[in-house]
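To start, the structure under review is shown below, and the notes come after it.
The values are calculated or read from the model by the stated rules, or taken from the named source; none is laboratory data. The model shown is predicted, which means the values in this text are computed figures rather than measured ones. Cβ atoms come from the backbone with ideal geometry, glycine included; neighbour counts cover every protein chain shown.
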Amino acid sequence: MLKKIFIIVSKDLKIDLSQGHLFFSVALYLVSSIFVVYLSFGSVGIKDLSTWVSLFWVLILFGSITSISKSFLHESKKRDYYYYFLLSPTELILSKLLYNFFYLIILCFIAFGFYSLLIGSFIESYLFFYFILVVGSLSISNCLTLVSAISYQVRNNSAIMSVLSFPIILPILLILIKITKISASNFSWNLVQDDIYLLILLNIITLSLSKILFGYLWRN
């Protein structure tokens, strides 16, 4: 199972490397959006922590939707038939989840680098903030990968991706904004443990739904 997952992840990586414009277009989108935010606030900059955190995660969200919506874009119907006999639904969806997770981590760190460079940073507990980026990447990629799989089965309908992703991702986004604010002050585990446990629970639920629902989508 692990070998097959690794093969699919390697295949997706090779496709993205051979078509580098896909990754760089998303990175350029994020950098351009950050630059527009920088121009909007001018030399005054962002003085409010809530504004800084909210804008950061909103930018990450739209960059994530742009990138993960292409998860199944590489797959043709002929390749679907090939996968059908080669892989189980669990192996295929896990490979997509894993690849999108690492893909989104890279985008998050690139976005934070440019965001803090141009706009500044309120973060005091960087170690905890990096942990938030990893957990946030996992949570967002899990949700959007599942929605992307559903969208792909509806003839790559981008409207389905946009409509379904928002209500699913909103609770996660609100939790990430809340705990990111804490990383800008004196960090205490007692302040965030309930939210972290809730994120972990949401990830478990999403992974379980992905495994169950993708099986039905795959058979169709």
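Observations on the structure shown:
- Of all residues in the stretch 1-15, exactly one satisfies the criterion of being in contact (Cβ under 8 Å) with a residue 60 or more places away in the chain, surrounded by fewer than 16 Cβ atoms within 10 Å (Cβ to Cβ) and closer than 17 Å to LEU104 by Cα, namely LEU13.
- Qualifying residue in the stretch 161-171 (condition: hydrophobic (A, V, I, L, M, F, W, C), more than 16 Å from the chain's Cα centre (by Cα) and modelled with pLDDT under 90): yes
- When residues in the stretch 38-54 are screened for being more than 18 Å from SER185 (Cα to Cα), in contact (Cβ under 8 Å) with a residue 60 or more places away in the chain and in a helix (DSSP H, G or I), 2 of them pass.
- Exactly one residue among LEU209, LEU198 is without any contact (Cβ under 8 Å) to a residue 24 or more places away in the chain, of a type outside the set (Gly, Ala, Ser) and either out of contact with any Cys (no Cβ under 6 Å at 6 or more places or on another chain) or more than 28 Å from LEU86 (Cα to Cα) (or both), and that residue is LEU198.
- Take the conditions (1) loosely packed, with under 14 Cβ neighbours inside 10 Å; (2) over 22 Å from ILE68 (Cα atoms); (3) hydroxyl-bearing (Ser, Thr, Tyr); TYR216 misses just one of them, which is (2).
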